[in-house]
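What follows is calculated from the coordinates using simple rules that are stated; it is not laboratory data. The shown structure was predicted, so the numbers you read here are calculated from the model rather than taken from an experiment. Here Cβ is always computed from backbone atoms with ideal geometry, including for glycine, and neighbour counts include all displayed protein chains.
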Amino acid sequence: MSDPATSNPLRIVVLISGSGTNLQALIDQIHQGDTPARIVAVISNRADAYGLQRAEQAGIAARILSHRDYNSREAYDIALQALIDEYRPGLIILAGFMRILSDDFVRHYQGRMINIHPSLLPRYKGLNTHQRALEAGDTEHGCSVHYVTPELDGGPIILQASVPIEASDTPESLAQKVHEQEHRIYPQVVDWIARDRVRLEDDSVLFDGSPISEQQRRYRAEN
């Protein structure tokens with residue numbers, strides 16, 4: 001990872017499939033100049049992803065690699081890995097990349113790839129998290145930034161933010177509240193990684209060299 005005391009910022013590749021609101025939050029944070037990082041490429045599996053326009057507007061290389069051009073998930077991931085590695089990234093960020101990644105791909109980037117998921121993991125892995133939280137009668141919901149491992153949405157958690165669930169909430173209103181928190185904590189985690197404050201070691205997240213506890217993860221998200 002990059003040392004903020006040097007002139008070499010952390011090189012980041014962002015993978016997207018859609019509108020790229022989390023990508024925009026990352027672009028805004030980095031362009032403020034406070035985070036020692038640089039997004040060197042944005043890659044999408046969909047040509048119509050609006051996030052590609054966000055990248056181009058920010059002067060970032062925008063690349064398309066359609067999964068429809070490959071006959072298997074493994075074949076696509078081999079091509080995707082080759083494309084990513086052209087940019088020599090220190091960190092890969094999944095920002096609404098709607099693909100299940102193969103184990104070999106994930107292992108290649110072990111400790112260098114993070115994702116944000118719209119739930120308080122380990123609750124509600126997978127899709128439709130807002131609806132599931134409402135149907136379960138939960139009083140809170142939220143989002144989690146975690147390292148990516150072969151287990152879907154099961155990697156070590158770095159940071160979480162919670163929002164209260166009100167009686168009037170719908171999946172749409174809850175999604176909006178969660179998105180606001182996503183746009184806050186994802187750039188925060190990237191900043192920590194760029195400054196070598198957070199790293200993955202033996203399946204444990206270390207913050208300033210010490211294991212991060214569940215209480216600390218939630219506390220840092222809310223303060």
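Here the sum of -39500 (n - 2.57) over DSSP H runs of 4 or more residues, divided by the residues of the chain, equals -10500 deg cm²/dmol at 222 nm, to the nearest 500. Ordering Leu94, Gln29, Ala136 by Cα displacement along the dipole of segment 10-222 toward the positive end leaves Gln29 in first place; charges were set at the Cβ atoms of Lys, Arg (+1) and Asp, Glu (-1). Computed about the Cα centre, the dipole magnitude for segment 10-222 is approximately 420 debye when only Lys and Arg (+1) and Asp and Glu (-1) carry charge, each at its Cβ. Both radii come from the Cα set of the chain: Rg as radius of gyration, Rh as Kirkwood radius; their ratio Rg/Rh reads 0.95.
Average projection, convex hull of the Cα set of segment 125-218: 6.4 square nanometres.
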